[in-house]
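The values are calculated or read from the model by the stated rules, or taken from the named source; none is laboratory data. Not measured: the values here are computed from a predicted model. Quick reminder, even Gly has a Cβ in these numbers, built from the backbone with ideal geometry, and neighbours come from all protein chains shown.
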Amino acid sequence: MPPSKPPKIRLIHYLGYFAYRTFEFVLRVFPMEMVATLGHILGSIGWAIMPERRRTVIRNLRIAHGDQFDLAQIKRLCRQTFKNATANLLTSLRINTLKPGQLEDYIELQGSEHLTKIREANLGAIYLLAHMGNWEALSHLQLPINNPAPFAGLYRPIDNPLLDNLVKRRRENSGTKLFSKRDGFFKPIAHLKSGGNLGAIADQNARHHGMVLPLFGKLTSMSNLPALMHRRAGTPIIPISVCTVAPGRWVINIHPPIDIPSERKKDTHYVSTLCCKAYEKMMSESPADVLWMHNYWRISQRRPLKIFGVKKEGYTNNITQPFHILVYTGNDNEHARETITQLERLRAYRSDIYITTAGKHPVYAEADYHIPCNPDEPPHLSSNAIQAYETTRTSPIDCALDFTDDGSGSCLLEKAGLSTIRGRQGKWMSGQTREIYQKHNDKSISLFLTSLGLNDISQEN
């Protein structure tokens, strides 16, 4: 492969670089604890002015920990997540200004005996890392396994070439070797085979490039990169988590290597499932340290029924949280039975589907769950009833489908706080709905579901 041309440096790059170095210089003046406290203040402001991110964090926390915390506790945890995320960002910049050996004053290392055993066996290792705590500190810290074995990390180059060169130079000066994801994975694998060690952060939604796996019991697309590297290099996978114990203070927990039976070492799907279990354990150690602003269980706004990623046999194992669909058709819908019939098709392709109906037609009592309606209520079910049902569930509703003739249900569903809505064009049309079908019949509803990704679910990607 011919060497790529160096990126062209523009004025905006110089301005960004100058702003970054200036901010970094200012932080140098303050002690680590004060920088973390400043991060808490800015995080609280971010929590107050970023409602969309706040909803994402709450949804993620409900999915991951809805069986442990009630909604009030989840909301408090959401705010702490914003504070910790900002504090960890600022302190990571402050760490860049520390002299060699100073970082150890702020970090406690637990479980180093696991790394020592790997080193004594003259093996390299794959570090399974998560976006939690001050994970950037790991690239500056001299772990027991780093010497004599070199440590390396995978990274995505920064769009600003000046900042990218700065980061690479600092990491390399601290003893860390960097491999760009854009250059492929032959060099990282060769590095592992030679006895080196490699950090891999693979806890976020990988969309088309991932594998369909359960995380906290709910299907999502997860990267299978650690499993692929293990298959190629044969090196152990060691989970490492970073947790905040006080402002500007962290503990690094080094877990035992993932126990992979020898006969399953080549099974990428099985090893990836074990990595997901390791992530669940790490992310549960300190939930407020996880970067929940990322949409771990991302749902496409255009095709909400589609699961992105490669689906393998047995992908539904260990599912404890279904993909929850709320169906609303209003009061009098003569095609209600056809609607239910078509929705039942989903179960042939996704065993994690759970359907709740909201409406006054008698046929809905036949569904999994029906939100009860008071006969004395107005013709349409109140948004309060739907909201009460949604907020009292362990995990949130994933997708709401409006089957009303005029699209009036979309307004109702939006008032209830449901964000993923698909329906027919009508007077209540908003930015969250779009016209899918023209009239109610078996064929139109089938096309409706197909447009939402039903056919994609039935196919191996």
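Could you pull out the residue among PHE216, PHE186 that is crowded, with 18+ Cβ neighbours inside 10 Å and among the aromatic types (Phe, Trp, Tyr)?
Values: PHE186 fails: crowded, with 18+ Cβ neighbours inside 10 Å.
Only one candidate passes the filter, namely PHE216.
Which members of the stretch 64-73 meet the condition of being surrounded by fewer than 22 Cβ atoms within 10 Å (Cβ to Cβ) and in a helix (DSSP H, G or I)? Steps first, answer last, please.
Residues of the stretch 64-73 that are surrounded by fewer than 22 Cβ atoms within 10 Å (Cβ to Cβ), as a first pass: 65-73.
Hits for the stretch 64-73 are HIS65, LEU71, ALA72, GLN73.
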> Quick check: anything in the stretch 264-280 modelled with pLDDT of 95 or more, at negative phi and among the acidic types (Asp, Glu)?
Replying inline: yes
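Looking for something more than 24 Å from HIS294 (Cα to Cα), charged (D, E, K, R) and at pLDDT below 95 - is there at least one such residue anywhere in the stretch 203-223? Can you show your working first?
Pass one, the stretch 203-223, residues more than 24 Å from HIS294 (Cα to Cα): none.
No - not one qualifying residue is present in the stretch 203-223.
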>> Give me the residue from the stretch 145-161 that is at pLDDT 80 or above and surrounded by fewer than 17 Cβ atoms within 10 Å (Cβ to Cβ) and, out of that set, nearest to ALA130 (Cα to Cα).
In response: ARG156
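Taking the condition assigned by TED's automatic domain parsing to the domain that holds PHE25, of a type outside the set (Asp, Glu) and within 19 Å of the chain's Cα centre (by Cα), does ILE63 pass? Full working, then the answer.
On the way: assigned by TED's automatic domain parsing to the domain that holds PHE25: yes; of a type outside the set (Asp, Glu): yes; within 19 Å of the chain's Cα centre (by Cα): yes.
Considered against the rule, which asks whether it is assigned by TED's automatic domain parsing to the domain that holds PHE25, of a type outside the set (Asp, Glu) and within 19 Å of the chain's Cα centre (by Cα), ILE63 comes out as yes.
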>> Looking at the structure I just gave you, is MET229 under 21 Å from the mean Cα position of the chain (by Cα) and closer than 22 Å to PRO261 by Cα?
In response: no
> What is the residue count in the stretch 14-39 for residues that are free of Cβ contacts under 8 Å to residues at least 40 places away in the same chain and of a type in the set (Val, Ile, Thr)?
Replying inline: 3
> ILE58 versus (1) surrounded by 16 or more Cβ atoms within 10 Å (Cβ to Cβ); (2) among the β-branched types (Val, Ile, Thr); (3) at pLDDT below 90: which is the lone unmet condition?
Replying inline: (3)
>> Checking the condition within 28 Å of ASN197 (Cβ to Cβ), of a type in the set (A, V, I, L, M) and assigned by TED's automatic domain parsing to the domain that holds ILE240, which residue from ILE74, ILE95, ILE49 passes?
In response: ILE95
>> Is it the case, given these coordinates, that LYS265 is surrounded by fewer than 19 Cβ atoms within 10 Å (Cβ to Cβ) and free of Cβ contacts under 8 Å to residues at least 24 places away in the same chain?
In response: no
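Which ones in the stretch 254-296 are of a type in the set (Val, Ile, Thr) and either in the same structural domain as ASP398 (by TED's automatic domain parsing) or more than 18 Å from LEU213 (Cα to Cα) (or both)? Walk me through how you get there before you give the answer.
To start, the set of residues in the stretch 254-296 that are of a type in the set (Val, Ile, Thr) comprises 254, 258, 260, 268, 271, 273, 290.
Across the stretch 254-296, the qualifying residues are ILE254, VAL290.
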> Can you tell me which residues in the stretch 189-238 are assigned to a loop (DSSP other than H, G, I, E, B) and touching a Pro at 6+ places or on another chain (Cβ under 7 Å)?
Replying inline: GLY196, ALA202, PRO236
